[in-house]
Ligand SMILES: Cc1cc2nc3c(=O)[nH]c(=O)nc-3n(C[C@H](O)[C@H](O)[C@H](O)COP(=O)(O)OP(=O)(O)OC[C@H]3O[C@@H](n4cnc5c(N)ncnc54)[C@H](O)[C@@H]3O)c2cc1C
C-alpha cells in the first residue's frame, strides 16, 4: 500500500487544475491517476477554438488549453501515472488502480479528488428501433475518429441531438468534405450554445429540424437512412408525419452524463438530476475528504468554469489534509424553486467561504424577460433580471459571503425563476 495526501482520479482539465491548486496550498504528496496515455482528457480531441476565453483572455484550442496545465503540473513536479485506470475506491479512501507496469496498485489517500469526466449515452441506452447496422456512432467517438485518428465516419451524415458536441461535429465533418443532411432534435429549441448554432449550422446551411425525433433505422449491413417524425407537446411521435432522410452515418449527440460508477462504489451520494455528486460549497461530497469537480460533478459548457471549480476543490482538499477545514453543526441547504432544474453546490457552510459563494444552475425551459430570485429562508435577497434564460446554458449567481456569515442560522436558500 502506497500513501499519498491527495489522490486525483482523472488527468483531464479538472484533475490537473485541482492537483495544481492542492500543491499551491503546500501539499507535497499528490498523485494524478489517468487511464489514457496522455494528460488532457476530452480536450485532446476538441481541436476547435473557444477554450480559455475568460481565464486566459485568449481563444485557445482544447489541446493548447490542456497543455498550459500539463506543463504547469510537470514544472511543479506533481507526480502522475498514465495508462492507470482506477477500478475501486472505498469510503476509507483506499484506491485500487491497475496499469501495465505495476499491475494492481493499492493507494491510501488522506483526501481524494474525483475528476473522471462524463460519458455519452450510447445507442443501447436510447431504445432506437431498427437494425443493428454499421454507421452509428456517438459524437465523442466520431470526434475522436476525425480529430485524432484521421478517419471519417462517413460521407452523408445525420446528427441526432443539438448539444454542443453535435453542433461542433456538424461543422467538423462538413469541413472534412461530408454532407450533413440534418441535425435533428426533439426539443423546440437547440440545446447547445447559441453561438455554436450560428457558427456551426447557420454559417454552413445545415438544416436544424426541431420538434422531430428518430423513429426508425434503415439499412442491413451499413446504415442507408433514417425515418424521423414530428413530435407532439409530450415529445411523442405524431403518426403520419414520418419523413425519410438518406444517410450512411448517424451521429448520436444525445446527452452527456457524469461517470460516477466509481463514486457510487465508495458510497458517495449522487443527485438524480445532474448524475453528479451532491456537494457543499467546497465541492466536498457526502463522504468527508472526498471532493468532486469538473464534468464528473455536472456537465459544463465552459472550460473556465471547470478550471475555477477544480481550483476550489484542490484548495479545499489541501485544507482538509492540513486540518484547516471547518465544519458547521448544520449547513444551509440550497434548493431548486420554480423553473430551476438544478443547482450546484447543494449546501453551504458559511464558515468555509473565503469569498462570495457562486451558485451554478440551469433552468428547466426557455424564459424571456424573466427574473432570478434568491430567497434566504423566505426573504428575497437577490433579484436579477434576465432577458433570456435557456435550458442549455449554465447560469451563475453570486451570494455575498458577509450575507451568509451574518445568517448562519438560516436553513435554506431557494433559487427560482419569476416570469
Ligand atoms: C465536444 C466538446 C466540446 C467542448 N467545447 C468547449 C469549448 O469550445 N469551450 C469550452 O470552454 N468548453 C468546451 N467543452 C467543455 C470542456 O471541454 C469540458 O467541460 C472539460 O473537458 C471537462 O473536463 P474534465 O476534466 O471534467 O473531464 P475530461 O476532460 O473528460 O477528463 C476526465 C479524465 O478522467 C479520466 N478517467 C476517467 N475515468 C478514469 C478512471 N477510472 N481512472 C483513471 N482515469 C479516469 C479520463 O480518461 C479523462 O482523461 C467541450 C466539451 C466537449 C465534450
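Where a number appears in this text, it was derived from the coordinates with a stated rule and is not lab data. Because the structure is a prediction, the values reported are computed rather than measured. Don't worry about glycine lacking a Cβ; one is built from the backbone with ideal geometry, like all the others, and counts go over all protein chains shown.
Restricting the stretch 138-164 to residues that are surrounded by fewer than 23 Cβ atoms within 10 Å (Cβ to Cβ) and under 20 Å from the mean Cα position of the chain (by Cα), the residue that is nearest to the ligand (Cβ to nearest atom) is 140.
Checked against the criterion of being touching a residue at least 12 places away in the same chain (Cβ under 8 Å), in a helix (DSSP H, G or I) and closer than 27 Å to residue 232 by Cβ, the stretch 153-161 has no qualifying residue. Which of the residues belonging to the stretch 366-392 are surrounded by fewer than 16 Cβ atoms within 10 Å (Cβ to Cβ) and assigned to a loop (DSSP other than H, G, I, E, B)? Across the stretch 366-392, the qualifying residues are 366, 377, 378, 391.
None of 324, 288, 312, 329 is closer than 16 Å to residue 352 by Cβ, outside any helix (DSSP H, G or I) and in contact (Cβ under 8 Å) with a residue 12 or more places away in the chain except 288.
Criterion applied to 273, 278, 296 was being out of contact with any helix residue (DSSP H, G or I) (no Cβ under 6 Å at 6 or more places or on another chain) and under 20 Å from residue 19 (Cβ atoms), and the one residue passing it is 296.
Can you list the strands (runs of 3 or more DSSP E) found entirely within the stretch 1-92 that contain at least 1 residues being surrounded by 19 or more Cβ atoms within 10 Å (Cβ to Cβ) and more than 14 Å from the ligand (Cβ to nearest atom)?
On the way: elements: 2-9, 30-33, 49-51, 79-81, 85-89.
Where strands (runs of 3 or more DSSP E) fall fully within the stretch 1-92 and carry at least 1 residues being surrounded by 19 or more Cβ atoms within 10 Å (Cβ to Cβ) and more than 14 Å from the ligand (Cβ to nearest atom), they are 2-9, 30-33.
Check every one of the strands (runs of 3 or more DSSP E) wholly within the stretch 95-140 and list those with 2 or more residues that are over 17 Å from residue 31 (Cβ atoms) and touching a residue at least 12 places away in the same chain (Cβ under 8 Å). Don't jump to the end; show me each part of the working.
Details: elements: 103-114, 118-120, 136-138.
Correct list: 118-120, 136-138.
Taking the numbered list (1) crowded, with 23+ Cβ neighbours inside 10 Å; (2) more than 16 Å from the ligand (Cβ to nearest atom); (3) in contact (Cβ under 8 Å) with a residue 60 or more places away in the chain in turn, residue 353 passes all entries but (1).
Is one or more of the residues making up the stretch 108-119 surrounded by fewer than 17 Cβ atoms within 10 Å (Cβ to Cβ), over 22 Å from residue 285 (Cα atoms) and away from the ligand (no atom under 16 Å from the Cβ)? No, the stretch 108-119 contains no residue that is surrounded by fewer than 17 Cβ atoms within 10 Å (Cβ to Cβ), over 22 Å from residue 285 (Cα atoms) and away from the ligand (no atom under 16 Å from the Cβ).
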